[in-house]
Amino acid sequence: MKKTITLFLMLLCLSFASAQEKTINEITSFKIRNSGTLMDKTNNVDGYYFFYEVDKLKKGQKEYAIQILDNNLNDVATKSYVDNKNTFLVQSKFNNQALIFAMTNYKEKFYKLITFDRQANQVENIQIPVSKKEMRWLNAMKQTGNFNFLFPVDNKGFLFNYVRDNSKLGYGLKYVPTDGGTGWDYNSPEDSKLIHTLNPIEANEEVVVALEGTKKSLLSQTINYKVIVLDIKTGAFLFESKFDRKDNPRLVTNAFLTPEKNLVLLGEYFEAGDNIMKDKSLGLFSETLDLKGNIVSDSKISWVDKIDPMMPAEIDGKKKKKRGYIYFHDIVRTQKGTYYAIGERYRKTASAGGIAAMALSGGRSGNSVTQLTITNAAIFEFDEKFNLTDIKVFEKGKSRAPSITDFGSPQLNAHVLKSFGAFDYEFTQLDQKRDRFYATFIDYERLKGQKNKTAFKTVMYNAGSFSEDKIYLQEDKGRTQYRVMPGKLGNVMLLEYNKKDKTVQLHLEKLNVQ
C-alpha cells in the first residue's frame with residue numbers, strides 16, 4: 001500500500017544535471033499533504049506551494065506560512081496567515097489559477113474555504129455552518145486522516161463536497177469560481193428517507209460528472225448508483241444515467257470530455273442481475289454521450305474474449321496467477337487521436353495479518369481478513385473510437401491494502417481505497433505537443449539475497465514507443481518523511497521533511513528517459 005514513505009534519496013542508476021535544491025527552515029509543524037504542485041495552462045509544472053505552522057501566538061492564535069516557489073525552486077512569495085488554534089486544515093488543492101484551503105473549526109462548528117492567488121494573496125473567505133451530527137462525521141474522518149472534500153476544476157474553480165444533515169444523511173456540493181464566474185450549490189433532497197452520497201469524478205469547462213449513491217441505512221448491503229451531470233457554469237441538473245441492476249449493472253470509474261464536446265464514461269460492466277457491491281465484472285465498457293444525455297456510442301470489452309489474450313499472465317514463482325482486475329488512474333489523449341488508459345493490476349487475496357488478528361481475538365477483531373494485492377502497471381491503448389488495440393505491462397513489486405469490506409467486490413474496494421492513497425500510482429504528465437507523456441509509480445522491489453529496495457518508477461511514452469527509468473530510494477529510521485512530486489517536464493521534485501530538525505529539503509532531479 002502506498003503510504004507516506006519515510007525515505008531518503010540514494011542515487012544509484014540516475015543520470016542528472018546539477019541538482020537544484022532548497023531548504024525551508026523555522027517550521028513548527030508540517031504535514032506533507034499540505035503541499036502541492038502549481039501547474040500552468042498546458043499542465044506543465046511552474047511551481048510549488050507549502051502550508052505550514054510557524055508559531056503559536058497568544059490568545060489562542062496560530063501563525064501559518066504560505067510559501068510559493070517557481071519550478072526551479074526559487075522563492076516567489078511567502079505570506080503569513082493567522083487563525084484560531086481550533087481551526088484545522090483538512091485539505092488543499094490548486095486549479096492552475098488559485099489555491100484553496102478547506103479548514104474546519106471544531107469548537108465553533110464551521111467549514112472555512114480560503115482561496116489565494118498565485119502570489120499567495122488572500123482572495124476569498126467562505127464559511128459554512130456545521131451541525132453536531134455533521135461534526136461527528138467530520139471527527140470520524142479526522143481519526144483516519146482520509147479527507148476527500150475538494151475537487152479542482154482546471155482554470156475555473158473548485159468543488160467542495162461535504163456531508164449534510166438531512167432527514168437521514170446527505171451531501172452538499174458547493175462550487176467556488178476563480179475565473180470571475182458565479183458560485184452555486186447542489187444539494188441532496190433534505191426530506192429524503194435514503195442516505196445520499198456523492199463522488200465527483202470529472203469536472204471541466206462544460207460539466208460536472210458525479211456518482212450519486214443511495215441506500216436505506218448505513219448497514220444496508222444494497223447501494224444504488226447513478227451518474228449525474230451538472231452544468232459547470234450554473235450547477236443546473238442536465239441529465240442522469242442509471243445503470244439498472246436488473247438489466248445493465250455498471251460501475252463507472254472515469255469520465256472525460258472529448259474535443260467534440262462529448263462525454264465519455266469508462267468503467268466495468270456486469271452480468272444482468274449482478275450486485276456490483278459483491279460480484280465480479282465481465283469486462284470494461286466505454287459509453288459516449290452528448291451533453292443532452294443521448295448515447296452516441298457504447299462498447300464493451302470482455303475480460304475473457306478480448307483482454308486476456310492481449311495481456312500476459314502474471315507469474316509468482318512458478319505459478320501463474322489469476323488475471324485479477326485493472327484500476328485506471330488517468331486517461332491521456334495523444335496528438336494522433338489515440339487514447340492511453342494508465343492503470344495498475346490488482347486482485348483480492350487473503351490477508352495473513354488480518355487472519356492472525358482474527359484468530360488471536362477469537363473472531364472479534366475488526367481487521368479485514370482480505371486485501372487488495374496491487375502488482376504491475378498496465379497501459380491500455382485505444383483508437384479514436386475506443387476500440388482496444390494494445391496492452392503494455394510494466395513490472396513492479398507488490399503492495400497490499402486491507403479491504404474496506406471482506407464482503408464487497410474487488411472493484412468496489414479498489415474504488416474506495418483509491419481515495420485513501422492505496423495504489424502505487426503517483427501522477428502523469430503530458431507535454432504541450434501531446435506526443436509524449438510520463439506515468440509514474442512507487443515500486444517495491446523484493447530481491448533474493450539482497451535488501452529490498454523502493455524506487456520511483458517512470459514509464460515514458462514518446463512518439464509511439466515506451467521506455468522506463470527508476471530512482472532508487474532507501475528507508476531511513478523514521479525521522480524523515482519523503483514525497484515525490486512532479487517537476488518541469490523531464491524532472492521530478494523530491495521532498496524530505498525532517499521531523500527532528502523541523503526542516504523541508506527539496507531536490508529537483510532530471511530523469512534519465514529518452
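The values are calculated or read from the model by the stated rules, or taken from the named source; none is laboratory data. Worth saying up front: this structure is predicted, and the values here are computed from it rather than measured. Counting neighbours? That spans all protein chains shown, and the Cβs are built from the backbone with ideal geometry, glycine included.
Residues checked against (1) in contact with a His (Cβ under 9 Å, 6 or more places away or on another chain); (2) hydroxyl-bearing (S, T, Y); (3) surrounded by fewer than 20 Cβ atoms within 10 Å (Cβ to Cβ):
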{"position": "N74", "(1), (2), (3)": "no, no, yes"}
{"position": "T78", "(1), (2), (3)": "no, yes, yes"}
{"position": "V90", "(1), (2), (3)": "no, no, no"}
{"position": "N105", "(1), (2), (3)": "no, no, yes"}
{"position": "Y111", "(1), (2), (3)": "no, yes, no"}
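Which residues, counting only those in the range 454-488, are at pLDDT 85 or above, surrounded by 14 or more Cβ atoms within 10 Å (Cβ to Cβ) and among the hydroxyl-bearing types (S, T, Y)?
Hits for the range 454-488 are T458, Y461.
Considering (1) at pLDDT 90 or above; (2) surrounded by 15 or more Cβ atoms within 10 Å (Cβ to Cβ); (3) in contact with a Leu (Cβ under 7 Å, 6 or more places away or on another chain); (4) assigned to a strand (DSSP E or B), say which one L291 fails and leave the rest.
Among (1) at pLDDT 90 or above; (2) surrounded by 15 or more Cβ atoms within 10 Å (Cβ to Cβ); (3) in contact with a Leu (Cβ under 7 Å, 6 or more places away or on another chain); (4) assigned to a strand (DSSP E or B), L291 violates only (4).
Count, please, the residues in the range 294-309 that happen to be in contact with an Asp or Glu (Cβ under 7 Å, 6 or more places away or on another chain) and surrounded by 15 or more Cβ atoms within 10 Å (Cβ to Cβ).
Restricting attention to the range 294-309, the residues satisfying the condition of being in contact with an Asp or Glu (Cβ under 7 Å, 6 or more places away or on another chain) are 295-296, 298.
In the following step, the residues that additionally are surrounded by 15 or more Cβ atoms within 10 Å (Cβ to Cβ) were identified as none.
Selection size over the range 294-309: 0.
Among residues belonging to the range 204-249 that are of a type in the set (D, E) and in contact with a strand residue (DSSP E or B) (Cβ under 7 Å, 6 or more places away or on another chain), point out the one that is surrounded by the fewest Cβ atoms within 10 Å (Cβ to Cβ). Break it down stepwise before answering.
Keep residues of the range 204-249 that are of a type in the set (D, E), which gives 205-206, 212, 231, 240, 244, 247.
Within this subset, residues satisfying the condition of being in contact with a strand residue (DSSP E or B) (Cβ under 7 Å, 6 or more places away or on another chain) are 206, 212, 231, 240.
On the way: E206: 15, E212: 16, D231: 15, E240: 11.
In this case the residue turns out to be E240.
Based on this model, can you work out whether A77 counts as under 25 Å from the mean Cα position of the chain (by Cα), part of a strand (DSSP E or B) and closer than 24 Å to P177 by Cα?
Values: under 25 Å from the mean Cα position of the chain (by Cα): no; part of a strand (DSSP E or B): yes; closer than 24 Å to P177 by Cα: yes.
No.
Restricting to the range 213-248, name every residue that is assigned to a strand (DSSP E or B) and under 17 Å from L263 (Cα atoms).
Taking the range 213-248 and keeping what is assigned to a strand (DSSP E or B), we get 213-215, 224-231, 237-242.
Selection gives K226, V227, I228, V229, L230, D231, F237, L238, F239, E240, S241, K242.
Among (1) touching a strand residue (DSSP E or B) at 6+ places or on another chain (Cβ under 9 Å); (2) of a type in the set (D, E); (3) modelled with pLDDT under 90, which single condition is D279 missing?
Single failed check for D279: (1).
Hey, any hits in the range 163-176 for a residue that's among the basic types (K, R), at pLDDT 90 or above and outside any loop (DSSP other than H, G, I, E, B)?
Going residue by residue through the range 163-176, those that are among the basic types (K, R) are 164, 168, 174.
Cutting the leftovers down to at pLDDT 90 or above gives us 174.
In the following step, the residues that additionally are outside any loop (DSSP other than H, G, I, E, B) were identified as 174.
Yes: one or more hits.
What do you reckon, is N491 modelled with pLDDT under 85, out of contact with any Pro (no Cβ under 7 Å at 6 or more places or on another chain) and buried (at least 20 other Cβ atoms within 10 Å of the Cβ)? Spell out how you get there, then give the answer.
Numbers: modelled with pLDDT under 85: yes; out of contact with any Pro (no Cβ under 7 Å at 6 or more places or on another chain): yes; buried (at least 20 other Cβ atoms within 10 Å of the Cβ): yes.
Yes, satisfied.
Let's see how each residue does on (1) on the phi > 0 side of the Ramachandran plot; (2) at pLDDT 80 or above; (3) surrounded by fewer than 21 Cβ atoms within 10 Å (Cβ to Cβ):
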position: T389; (1), (2), (3): no, yes, yes
position: E395; (1), (2), (3): no, yes, yes
position: K398; (1), (2), (3): no, yes, yes
position: L417; (1), (2), (3): no, no, no
position: I442; (1), (2), (3): no, yes, no
position: G449; (1), (2), (3): yes, no, yes
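For the range 113-124, name all the residues that are within 18 Å of A65 (Cβ to Cβ) and part of a strand (DSSP E or B). Full working, then the answer.
If we filter the range 113-124 for residues that are within 18 Å of A65 (Cβ to Cβ), which is where we start, we get 114-123.
I114, T115, F116, Q122, V123, listed by residue number.
Just checking, which of T375, T428 is more than 17 Å from T349 (Cα to Cα) and not aliphatic (A, V, I, L, M)? Before you say what the answer is, go through the steps one by one.
Details: T375 fails: more than 17 Å from T349 (Cα to Cα).
Result: T428 is the single residue among T375, T428 that is more than 17 Å from T349 (Cα to Cα) and not aliphatic (A, V, I, L, M).
So, in the range 53-73, how many residues would count as being without any contact (Cβ under 8 Å) to a residue 40 or more places away in the chain and not basic (K, R)?
Let us first name the residues in the range 53-73 that are without any contact (Cβ under 8 Å) to a residue 40 or more places away in the chain, namely 53-65, 70.
Checking the rest, the ones that are also not basic (K, R) come to 53-55, 57, 60-61, 63-65, 70.
So the count comes out to 10.
Checking the condition charged (D, E, K, R) and modelled with pLDDT of 90 or more, which residue from D316, D305 passes?
Numbers: D316 fails: modelled with pLDDT of 90 or more.
After ruling out the rest, the residue left standing is D305.
From the list E268, E260, pick out the single residue that is of a type in the set (D, E), within 25 Å of K385 (Cα to Cα) and assigned to a strand (DSSP E or B). Can you show your working first?
Details: E260 fails: assigned to a strand (DSSP E or B).
Matching residue, one of E268, E260: E268.
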